[in-house]
Amino acid sequence: NAGVTQTPKFQVLKTGQSMTLQCAQDMNHEYMSWYRQDPGMGLRLIHYSVGAGITDQGEVPNGYNVSRSTTEDFPLRLLSAAPSQTSVYFCASSYSRSGNTIYFGEGSWLTVV
Amino acid sequence: EDKVVQSPLSLVVHEGDTVTLNCSYEVTNFRSLLWYKQEKKAPTFLFMLTSSGIEKKSGRLSSILDKKELFSILNITATQTGDSAVYLCAVVSNSGYALNFGKGTSLLVTP
């Protein structure tokens, strides 16, 4: 049972490049989300999904795209990377809204130069 | 707009001290408040609080929620260097799904 798997763990991008952060969970969770964390900040919600085919924007969605074609996968796409997107990204999944059931991936460290 | 405010933002204490971390919130349709510990990786779950006045305890850590005054505290007694971390408070509302995090309190425990 792998839980929530994020790839890649580290990535350096040039400004203007696009890339996809992958997130997969094997717990059959309906709820999945992407957060970013910057120094001195808590986690801020980028996008979330309450089930396959359903996505919605969080607090900081600009510059990011998501899709949820299957229950297991929730990729995050950076359309045209900017230095302001240098951050640590966490994917999370949950089977309910309670909060204590949320499982986090290990994080993806992204640097845009 | 929902708000979660943690204080202090950073704290340095000596081993053996007791610390109190604060979290105040303004959330529409409050559902639960959660505390996490983060050490250079993904947050790890500590407590979930939904009812006012009921203390949750785990070893040297304890937490309590005041739904009337809209705040929670996290207490750590007899601190150890291994308690050094960022402590995050997050709130879930009934009208939303995802966690709304505060900025965190960075705790450093020195030997």
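Just so you know, all these numbers are worked out from the coordinates, no wet-lab data involved. The model shown is predicted, which means the values in this text are computed figures rather than measured ones. When we count neighbours, we look across all protein chains shown, and the Cβ atoms used for this are built from the backbone with ideal geometry, even at glycine.
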Can you list the strands (runs of 3 or more DSSP E) found entirely within the range B:51-92 that contain at least 1 residues being touching a residue at least 40 places away in the same chain (Cβ under 8 Å)? B:71-76
Testing B:PHE101 on (1) more than 9 Å from every other protein chain (Cβ to nearest Cβ); (2) closer than 27 Å to A:PRO39 by Cα; (3) among the hydrophobic types (A, V, I, L, M, F, W, C), one condition comes back false. Which one is that? (1)
Condition met for B:LYS40 (part of a loop (DSSP other than H, G, I, E, B) and within 26 Å of A:MET41 (Cβ to Cβ)): yes
Going through (1) assigned to a strand (DSSP E or B); (2) closer than 27 Å to B:VAL86 by Cα; (3) of a type outside the set (Lys, Arg) one by one, A:MET41 fails only at (1)
Criterion first (buried (at least 16 other Cβ atoms within 10 Å of the Cβ) and free of Cβ contacts under 8 Å to residues at least 60 places away in the same chain) does A:TYR103 satisfy it? no
Name the residues in the range A:8-23 that are out of contact with any Cys (no Cβ under 8 Å at 6 or more places or on another chain), surrounded by 11 or more Cβ atoms within 10 Å (Cβ to Cβ) and assigned to a strand (DSSP E or B), would you? A:GLN11, A:VAL12, A:LEU13, A:MET19, A:THR20, A:GLN22
In the range A:57-85, residue nearest to the chain's Cα centre (by Cα) [restricted to those that are more than 14 Å from chain B (Cβ to nearest Cβ), in a loop (DSSP other than H, G, I, E, B) and without any contact (Cβ under 8 Å) to a residue 40 or more places away in the chain]: A:SER67
Considering only residues that are part of a loop (DSSP other than H, G, I, E, B) and within 14 Å of chain A (Cβ to nearest Cβ), which ones fall in the range B:1-18? B:GLU1, B:ASP2, B:PRO8, B:LEU9
Of the residues B:LYS41, B:LYS67, B:LYS57, B:LYS37, which single one is of a type in the set (Lys, Arg), facing chain A (nearest Cβ under 9 Å) and either under 24 Å from B:VAL109 (Cα atoms) or touching a Gly at 6+ places or on another chain (Cβ under 9 Å) (or both)? B:LYS41
Please find, within the range A:34-56, the residue that is farthest from the other protein chains (Cβ to nearest Cβ) out of those that are hydroxyl-bearing (Ser, Thr, Tyr) and farther than 29 Å from B:LEU11 by Cβ. A:THR55
Checking the condition of a type in the set (Asp, Glu), touching a residue at least 12 places away in the same chain (Cβ under 8 Å) and touching a Lys or Arg at 6+ places or on another chain (Cβ under 7 Å), which residue from B:GLU39, B:GLU26, B:GLU15 passes? B:GLU26
